[in-house]
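Working notes for the structure below.
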Amino acid sequence: MKILSRLYIALILFFLYAPVAVMIIFSFNSSSSVWVFEGFSTKWYEGLVYDTTMLTALEHTLIIAVLSALISTVLGTAAAVGILAIRKKVASSLVMSMTNIPMMNADIVTGISLMLLFIFIGNLFGLNESLGFITVLAAHITFNLPYVILSVMPKLRQTDANLVDAAMDLGCTPFKAFFKVILPSISTGIATGTIMAFTLSLDDFVISYFTCGKYQTLPIVIYNMTKKSVTPDTYALSTIIFFVVFALLIFYNMLQSKSEKQAAVRKVGAK
Amino acid sequence: MNKKSFGNQLLAAPHVVWSVIFIVVPLFIMLYFAFTNADGGFTLENVKQIGLYKKAFGISILYAAIATVITLLLAYPMAYFMTKVNISSQRMLMMIVMIPMWMNFLIRTYSWITILANTGLINTFLGKLGIEPLKLINTPGAVILGMVYDFIPYMILPIYSVMSKIDKSLLEASEDLGSNAFNKFRRVILPLSRPGIISGITMVFVPSVSTFYISQKLGGNKTMLVGDVIEYFFNAGPDYYNVASAISMVLMVMILVCMVIMNRFSDDDSEGVII
Amino acid sequence: MKKILSILLIFALLTLSLCGCGYEYHNLDLRAKYTREYAGTEITVYNWGEYISDGADGTIDVNREFEKVTGIKVNYLTFESNETMYSQVKNGGVKYDIIIPSDYMIQRLIKENELQKIDTTKLSNYDLIDDRYKSVYFDEKNEYTVPYNVGMVGVIYNPKLVGEVEHSWNVLWDKQYKDKVLNFNNPRDAFMTAQMLLGLDLNSENTKDWNKAADKLKKGKANLQSYVMDEVYGKMETGEAAIAPYYAGDYLTMVETNPDLKFFYPKEGTNIFIDSVCIPKNAKNVEAAMLYIDFLLEPQIATANAEYIGYASPNTAVINNEDYYYYQNEILYPSEEDMPKVQYYHDIDDKIRIYYETLWVQVKLY
C-alpha cells in the first residue's frame, strides 16, 4: 500500500512537471524550434537581455503586482476590521457577498465588465485614453481584495476583543489600540493575503487582457508570442521565473521550519 | 463604546465604495449593454440571439464537467496519500504541487503542444517503436487534458488541507468500533473532506467553463467554447459589445446557479477553504 | 517573504536592464536629415505582428534607430487581424499615432471618420512610392494613406509530405490530405478560400453567397487540422501540417527554415491586399507620426523591412535595388503573364459584415 501510494504521488508529480521539464529542456535548444531539440545552447538566455518588449513587460508586471498587493492589503485589512464591526447581520453579509463576487465570477466576465466600465468612464469624461496603467492597477486591486479580506478575517476573529478594550481602558486611543494590539495578532493573516495578492497579480492574464490597454504585462506579451511561433526565449524567461520561485519557496520553507523549531525549543524550555 | 464601533465600521467604507464602483457598477453596465442595441434602445434581440450559441454553452459545460470529474478522481487519492507521509515531506509536497501555479499558465499550456503534436514528443517516441502516430492534438481530449492540467492544483490543495485537519482520534475510534478500511473511508474521511471537495470542484469548474485560451491552443481553434465566443466578439469591435455582454451575462448566471447548487451540498456554513 | 521576493525580482530586473545594450546601431547617416524638435515625446505605433525589422540576427531594429535619430520614444504594439485593430481603435482604450491596416479596413475607417489626412508633401520620401500603388480604390486621392506592403494570398505545401498537388483551392477540401490541412483563423480570409473555389464575389452583398461559402467551410472542417494565424510558421516549418493558405511573403520567411516548402497561387484566383500606414483621427503626436512615416520610407529602412518581412514593397528604392534580397523575386513580383487573377477586399455594408462575422462563429461551432 505504501509503495502504491508513493507511486501514485510520483505519477501525479510527473504529470504536473512534464510540461515544465519540456519547457526547461527546450529553453536550451540551439535552434529556434520548440519541437525538435537540436543541441545545447544558452543563447536564448543571452538574447533575453536584448528583448526590450519582454523586459518592459516584466517591469510593468512587477510594478502592478507590488502596488496592487500593497494597496489591496491596506484596503482589505481595514475592510476586514470594518466588516466584523458591522452589527447588522444583513449589512455585513451583503458586503461580504459583494466582496466575493470577483472570486466567484469567471475572470472573463470580471475583465469584460471592468473594460466596459473604463471605456464608459473614458467616454463620459472625454479622456484621451481610457485604458492603461491606472485601469489595470484598479482591476488587479479589485480581484485581489477578496483574497486579502478572507485571509485577514479568520485571524481577526481569533483576536480577543477584550484585549482592545483593555488597551483602551489603559488609555490607548482606538487608533493606537489597533496598531499595538490588533495588528500584531493578525500579521500572519495580512502576510498571507499580501503574498496571495502578489501571486495572483503576477499571474493574471484574462483580466489584464481586457483592461491593460498599452500597459502590457508579461502574460499579455507571452500571449502575443504564443500567437506566433513560440521561440525558446519565452521558455527561457519562464525557466528563470520558475527557478526564482522555486528558490524562494525553498527558502521560505526553511525559514518557517526554523522558526517552528525555535518555538518548539522555547516551549520545552518553558516547561 | 458605540462611538468606537462606529469608527470601526467606517474602516469598511473605502472597500465598500471601491467594490460598488469596480464590481457592482460594471455588472450593471454589462446588464445595460445586454438589453440595449447599438443605439442604446431597449431590446431583447441580444438575449434571443443566444440560442445561436447554445452549442458553445453545451460543449463548455460538457468539457468543464468532464475535466472537473477527472481532476477530482486524480486529485482525491493524491491529497489522501499526501496526508500519509511525514509532516516535513507533506509541506514539501504541498509546495511542489503549488509551484506550477506560479508559472504562467499560457506557457504551461503551450508546452503541451510540444508533447502532443503530430511531430511532438509522444508521437516521435511512438514512431521510434514503429507505432503509427496518434491524433492527440487539436482534439476535445487535448482541450480537456489542458483543463485538468492547468487547474488540478486547485483541487488537490483544498482537499489536502481539509483532510490534514481530520482528527486522528476519529479514525482510531472508527477502527476501534470495527470499521474496515472501506467503511472508515466512506463514513469518516469522505464526509469530513466534503468541504474541500466542494471548493475544489468550484475552483476547477469555473475557470474551465469560461476559459478562452486552452481551447484555442490545444483544440486548434476548431471549435469555440463560451469564452472563445465572448473573446471573438469583443475583439471584433463595438458592434458586438451588446451581444457579447448578453452571452457574458448568461455565463455569469450559469456559474452562479452552479455555485448555489454546490453550496447546497455543503451543509455547514463553513467559510470554504481557500489556499 | 513578499519583501524578499520583490527585492530579488527587482534586482534581477535591474541586472537585466543594465546590460540591455546588446543591439548595435547601424550607421544610417540620417541624423542630419531628421529634426530632433520632438525629442522626449512619444508615439504609439500599432502594427501587425512580425511586421517590422526588429534587429534579430544583425538586421536593423527600425524602432530603435528611429528613437536614436529623432529622440522620440516608440511604444510599439501589435495586432493579428484587421478586426482586432479596428476594435482597439474604436473603443478608445488606447490612442494610437500610427496604425497599419489593410485596404478594406482603411475604407471602413475613412467612412467612419476615424482617420486624419496626411499631407504627403511634407514627406520627403513620398515620391519613392510606386505609382501603381497610389490612388487605389480605398484612397483615390492619396489623402489618408501611405502604402507599406503589398501582398497576395497563396497556398504553401510540403511536397515531402503530400507530393505535388493540384494548384487549386480545392486542395484544402481534398480528402486525401485529411488532418494535414490548415486554414485561416479569421473570417474574411477563410471565407475567401471558399468563395474563390465556388467562384463567388469576395465582396458579395448577398447573404446567400455567404451562406454558400459557410457551408463549404463547414464541409471542409472534417479535413482540417486547425485554424491558424501566425502559428502557421511553426506548423509548416516542422512538418506538423502539410498544406496551408497564407500570405506569400510569409512563405518566403518559412522556406528559409524549411527549404522543402513550395508555394502556388491557385488557378481560381486570389486576394491581393495593400497594407498602408495611417494616422488615426485622435492621434496625440501627429508631427512625430509624420517623421515616423517618412522614416519608414527611407531606402535603407524600407529595404531592411522588406527583407525582414518578405512582403512585396511599394517603394521603388527597394524594388529597383539590385542588392535587395528579393530583387525581382517571382513570387513577390510576378511578371504580367504569371500574375494570378486577383481581387481586393472592399468594405462591405455593415449588415452583411455583421452577418458573415457572426456566421463565422457558426462555422466554428459546426
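The values are calculated or read from the model by the stated rules, or taken from the named source; none is laboratory data. Bear in mind the structure is a predicted one, so any value in this text is a computation, not a measurement. All Cβ positions, glycine included, derive from the backbone under ideal geometry; neighbour counts span all protein chains shown.
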### Query
For the stretch C:101-114, does any single residue satisfy the condition of being modelled with pLDDT of 95 or more, surrounded by fewer than 21 Cβ atoms within 10 Å (Cβ to Cβ) and under 30 Å from C:Arg31 (Cβ atoms)?
no
### Query
Does A:Ala264 satisfy being modelled with pLDDT under 75 and more than 30 Å from A:Ala18 (Cβ to Cβ)?
yes
### Task
Quick one: B:Ile29 ticks every box in (1) within 11 Å of chain A (Cβ to nearest Cβ); (2) touching a Ser or Thr at 6+ places or on another chain (Cβ under 9 Å); (3) touching a residue at least 24 places away in the same chain (Cβ under 8 Å); (4) not basic (Lys, Arg) except a single one, so which number is it?
(3)
### Query
Restricting attention to the stretch B:22-81, and to residues there that are loosely packed, with under 14 Cβ neighbours inside 10 Å and of a type in the set (Lys, Arg), which single residue is modelled with the lowest pLDDT?
B:Lys48
### Task
Those residues that are touching a residue at least 24 places away in the same chain (Cβ under 8 Å) and either more than 9 Å from every other protein chain (Cβ to nearest Cβ) or hydroxyl-bearing (Ser, Thr, Tyr) (or both), I need them from the stretch A:71-95; list them, please.
A:Ile71, A:Ser72, A:Thr73, A:Thr77
### Matching residues in the stretch B:220-251 - criterion: being facing chain C (nearest Cβ under 8 Å) and among the small types (Gly, Ala, Ser)
B:Gly220, B:Ala236, B:Gly237
### Query
A:Val152 versus (1) more than 14 Å from chain C (Cβ to nearest Cβ); (2) surrounded by fewer than 24 Cβ atoms within 10 Å (Cβ to Cβ); (3) among the aliphatic types (A, V, I, L, M): which is the lone unmet condition?
(2)
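Among the residues of the stretch B:105-113, is there at least one that is buried (at least 17 other Cβ atoms within 10 Å of the Cβ), touching a Ser or Thr at 6+ places or on another chain (Cβ under 7 Å), among the aromatic types (Phe, Trp, Tyr) and facing chain A (nearest Cβ under 7 Å)?
Of all residues in the stretch B:105-113, those buried (at least 17 other Cβ atoms within 10 Å of the Cβ) come to B:105-113.
Remaining after also requiring touching a Ser or Thr at 6+ places or on another chain (Cβ under 7 Å): B:106-107, B:110.
If we keep only those that are among the aromatic types (Phe, Trp, Tyr) too, we end up with B:110.
Checking the rest, the ones that are also facing chain A (nearest Cβ under 7 Å) come to B:110.
Within the stretch B:105-113, one or more residues are buried (at least 17 other Cβ atoms within 10 Å of the Cβ), touching a Ser or Thr at 6+ places or on another chain (Cβ under 7 Å), among the aromatic types (Phe, Trp, Tyr) and facing chain A (nearest Cβ under 7 Å).
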### Task
Would you check if A:Lys180 is surrounded by fewer than 23 Cβ atoms within 10 Å (Cβ to Cβ) and within 13 Å of chain C (Cβ to nearest Cβ)?
no
### Task
Taking the options C:Tyr325, C:Tyr308, name whichever one is assigned by TED's automatic domain parsing to the domain that holds C:Glu50, modelled with pLDDT of 95 or more and of a type outside the set (D, E, K, R).
C:Tyr325
### Query
When you look at B:Gly146, is it at pLDDT 90 or above, surrounded by 22 or more Cβ atoms within 10 Å (Cβ to Cβ) and of a type outside the set (Phe, Trp, Tyr), yes or no?
yes
## Note on the structure
Within the stretch A:1-47, residues more than 7 Å from every other protein chain (Cβ to nearest Cβ), touching a helix residue (DSSP H, G or I) at 6+ places or on another chain (Cβ under 8 Å), within 18 Å of A:Ser229 (Cβ to Cβ) and in a helix (DSSP H, G or I) come out as A:Trp44, A:Gly47
#### Entry: Count of residues meeting criterion [within 14 Å of chain A (Cβ to nearest Cβ) and either out of contact with any Phe, Trp or Tyr (no Cβ under 8 Å at 6 or more places or on another chain) or closer than 27 Å to A:Asn128 by Cα (or both)] in the stretch C:20-40
3
### Query
Does C:Tyr233 fit the bill of being within 14 Å of chain B (Cβ to nearest Cβ), among the hydroxyl-bearing types (Ser, Thr, Tyr) and in contact with a helix residue (DSSP H, G or I) (Cβ under 7 Å, 6 or more places away or on another chain)?
yes
### Query
Which of the residues that make up the stretch A:208-231 are surrounded by fewer than 24 Cβ atoms within 10 Å (Cβ to Cβ), in contact (Cβ under 8 Å) with a residue 12 or more places away in the chain and among the hydrophobic types (A, V, I, L, M, F, W, C)?
A:Ile220, A:Val221, A:Ile222
### Message
Tell me the residue from A:Ser130, A:Ser68, A:Ser113 that is closer than 22 Å to B:Met30 by Cα, hydroxyl-bearing (Ser, Thr, Tyr), out of contact with any strand residue (DSSP E or B) (no Cβ under 9 Å at 6 or more places or on another chain) and more than 10 Å from chain B (Cβ to nearest Cβ), please.
### Response
A:Ser130
### Message
Being closer than 14 Å to C:Cys278 by Cα and either outside the structural domain of C:Ala306 (by TED's automatic domain parsing) or not charged (D, E, K, R) (or both) is the filter here; which residues of the stretch C:127-142 pass it?
### Response
C:Phe138, C:Asn142
### Single condition B:Gln90 does not satisfy, out of (1) at the interface with chain A (Cβ under 7 Å from one of its Cβ atoms); (2) surrounded by 15 or more Cβ atoms within 10 Å (Cβ to Cβ)
(1)
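Look through A:Leu13, A:Leu7 and report the one residue that is at pLDDT 90 or above, within 26 Å of B:Val148 (Cα to Cα) and either charged (D, E, K, R) or in contact with a Leu (Cβ under 9 Å, 6 or more places away or on another chain) (or both). Steps first, please.
Numbers: A:Leu7 fails: either charged (D, E, K, R) or in contact with a Leu (Cβ under 9 Å, 6 or more places away or on another chain) (or both).
Unique residue meeting the criteria: A:Leu13.
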### Task
Evaluate the stretch C:49-56: report whether one residue or more is surrounded by fewer than 16 Cβ atoms within 10 Å (Cβ to Cβ), under 20 Å from the mean Cα position of the chain (by Cα) and either in a helix (DSSP H, G or I) or at positive phi (or both).
yes
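Within the stretch A:116-127, track down each residue that is buried (at least 24 other Cβ atoms within 10 Å of the Cβ) and at the interface with chain B (Cβ under 8 Å from one of its Cβ atoms). Show your work before the answer.
Going through the stretch A:116-127, the residues buried (at least 24 other Cβ atoms within 10 Å of the Cβ) turn out to be A:116-118.
Result: A:Leu116, A:Leu117.
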## Note on the structure
The lone condition B:Leu74 fails out of (1) facing chain A (nearest Cβ under 7 Å); (2) under 28 Å from the mean Cα position of the chain (by Cα); (3) over 29 Å from B:Met224 (Cα atoms) is (3)
### Task
Can you give me the number of residues within the stretch A:210-250 that are within 12 Å of chain C (Cβ to nearest Cβ), under 24 Å from C:Tyr96 (Cβ atoms) and modelled with pLDDT of 85 or more?
12
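Checking the condition touching a Lys or Arg at 6+ places or on another chain (Cβ under 6 Å) and part of a helix (DSSP H, G or I), which residue from A:Thr199, A:Thr194, A:Thr188, A:Thr234 passes? Steps first, please.
Working: A:Thr199 fails: touching a Lys or Arg at 6+ places or on another chain (Cβ under 6 Å); A:Thr188 fails: touching a Lys or Arg at 6+ places or on another chain (Cβ under 6 Å); A:Thr234 fails: touching a Lys or Arg at 6+ places or on another chain (Cβ under 6 Å).
Testing whether each residue is touching a Lys or Arg at 6+ places or on another chain (Cβ under 6 Å) and part of a helix (DSSP H, G or I) leaves just A:Thr194.
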### Message
Could you go through the stretch A:242-261 and let me know if any residue there is in contact (Cβ under 8 Å) with a residue 40 or more places away in the chain and of a type in the set (S, T, N, Q).
### Response
no
### Task
Looking only at the stretch A:132-146, decide whether some residue is modelled with pLDDT of 90 or more, surrounded by fewer than 18 Cβ atoms within 10 Å (Cβ to Cβ) and over 15 Å from A:Leu75 (Cα atoms).
yes
### Task
For the stretch B:59-67, state whether one or more residues are touching a residue at least 12 places away in the same chain (Cβ under 8 Å) and within 11 Å of chain A (Cβ to nearest Cβ).
yes
### Query
When you scan the stretch B:205-238, how many residues do you find that are closer than 14 Å to A:Tyr223 by Cβ and touching a Gly at 6+ places or on another chain (Cβ under 7 Å)?
3
